[in-house]
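Asker: Structure in structure tokens, see below.
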Amino acid sequence: MRFARTGMFVVVEVRAAELPRLEALAQRAAATGVRDLALIYSAAVRQAQPGIAALAALHAPHKASVAVRDVAAALERRLGRRRVVRQFEIGAVEPRAGGAVRLLPAADWWQRGG
């Protein structure tokens, strides 16, 4: 499956008053096992993205993106005749082993023609 390793800024702060909250968020992320998330300051932000003027940012340098359409097509090929739902209203997020999650539809989603 095609993907693009793009990196991304998760949170960008432009006000000095918000820096302690951003630093606390970075510490919480590290404490809960979020890997490869870096707190970077203005010079590094400008180097990564010259068009962004920020005092600091949380940066995920190895974040990748994939086209949802490609994922759905791959699932349909693998599942054969079973239907792949491409869009639904999320009702709950169920944690799974290894940090994975299962997205559950809203209770009445199927009755509304989902």
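Asker: Going by the conditions given, is I40 touching a residue at least 24 places away in the same chain (Cβ under 8 Å), out of contact with any Asp or Glu (no Cβ under 7 Å at 6 or more places or on another chain) and not in a helix (DSSP H, G or I)?
Answerer: Taking the combined requirement at face value, the residue does not satisfy it.
Asker: Is at least one residue of region 65-73 under 21 Å from A100 (Cβ atoms), part of a loop (DSSP other than H, G, I, E, B) and modelled with pLDDT under 90?
Answerer: yes
Asker: OK, next. For V45, indicate whether it is surrounded by 13 or more Cβ atoms within 10 Å (Cβ to Cβ), part of a helix (DSSP H, G or I) and touching a residue at least 40 places away in the same chain (Cβ under 8 Å).
Answerer: So V45 does not fit the description; no.
Asker: Across region 74-84, what is the number of residues that are more than 30 Å from T32 (Cβ to Cβ) and either surrounded by 12 or more Cβ atoms within 10 Å (Cβ to Cβ) or at pLDDT 70 or above (or both)?
Answerer: Adding up the residues that qualify gives 7.
Asker: Okay, next question. I want to confirm something. Restricting to region 86-114 and keeping residues that are at negative phi and modelled with pLDDT under 65, which single residue is nearest to the chain's Cα centre (by Cα)?
Answerer: Among those residues, the one meeting the criterion is R86.
Asker: Residues being of a type in the set (K, R) and in a loop (DSSP other than H, G, I, E, B): count how many of those fall in region 1-37.
Answerer: So the answer is 3.
The values are calculated or read from the model by the stated rules, or taken from the named source; none is laboratory data. The shown structure was predicted, so the numbers you read here are calculated from the model rather than taken from an experiment. Note: ideal-geometry Cβ built from the backbone for every residue, glycine included; neighbour counts use all protein chains shown.
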